[in-house]
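Below: the structure, in structure tokens.
The values are calculated or read from the model by the stated rules, or taken from the named source; none is laboratory data. The structure displayed is predicted, hence computed values, not measured ones. Neighbour counts are summed over all protein chains in view; Cβ atoms, including those assigned to glycine, are modelled from backbone coordinates with ideal geometry.
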């Protein structure tokens, strides 16, 4: 059935299925190629064109008698392609925003990890272990160690102050350091490892 544009428009306005089939056969493939050139997805392009033909059929009574059917369909397809691309653009913007937030959070974590002084993580625990270890020592040993490390007295000064030989003072300090090394062994390994 050969019909020119005016006859097709008049027939489609009346709801002619034959006119619709002619329009579909004449323009479907060209419209799919047009949509595909922007979507780069044949399934999306076909869906857009099929939806456009459905819209043509649903609105057939509202078509202007002076319309050009091809131009009319191209306008519908163009609008649907535009909407599709705009939705994609918005989705990408949202995803990029989420991605940027994740990257910023990761960068912050990396920065804070870089700035952490690993030895400082253990200072409070180390202080507590030292205090407990010193409490377990005999009073004389604890006093000698305190004079050496907190009052900064020499072994000779300590020996004179508490009336002991320097050798005895050295023994007490050496014994205390040995006990502390044992108590702090796991922390000392961690500190050495983290500071390599």
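This table checks each residue for (1) within 53 Å of the chain's Cα centre (by Cα); (2) closer than 23 Å to residue 126 by Cβ; (3) surrounded by 15 or more Cβ atoms within 10 Å (Cβ to Cβ).
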{"site": "144", "(1), (2), (3)": "no, yes, yes"}
{"site": "154", "(1), (2), (3)": "no, no, no"}
{"site": "159", "(1), (2), (3)": "no, no, yes"}
{"site": "165", "(1), (2), (3)": "no, no, no"}
{"site": "168", "(1), (2), (3)": "no, no, yes"}
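Yes/no matrix, rows are residues, columns are (1) modelled with pLDDT under 90; (2) surrounded by 14 or more Cβ atoms within 10 Å (Cβ to Cβ); (3) assigned to a helix (DSSP H, G or I):
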site: 3; (1), (2), (3): yes, yes, no
site: 7; (1), (2), (3): yes, yes, yes
site: 13; (1), (2), (3): yes, yes, yes
site: 19; (1), (2), (3): yes, yes, yes
site: 24; (1), (2), (3): no, yes, yes
site: 33; (1), (2), (3): no, no, yes
site: 36; (1), (2), (3): no, yes, yes
site: 50; (1), (2), (3): no, yes, yes
site: 65; (1), (2), (3): yes, no, no
Counting only residues in the stretch 52-63 that are under 45 Å from the mean Cα position of the chain (by Cα) and more than 15 Å from residue 8 (Cβ to Cβ), the one modelled with the lowest pLDDT is identified as 55
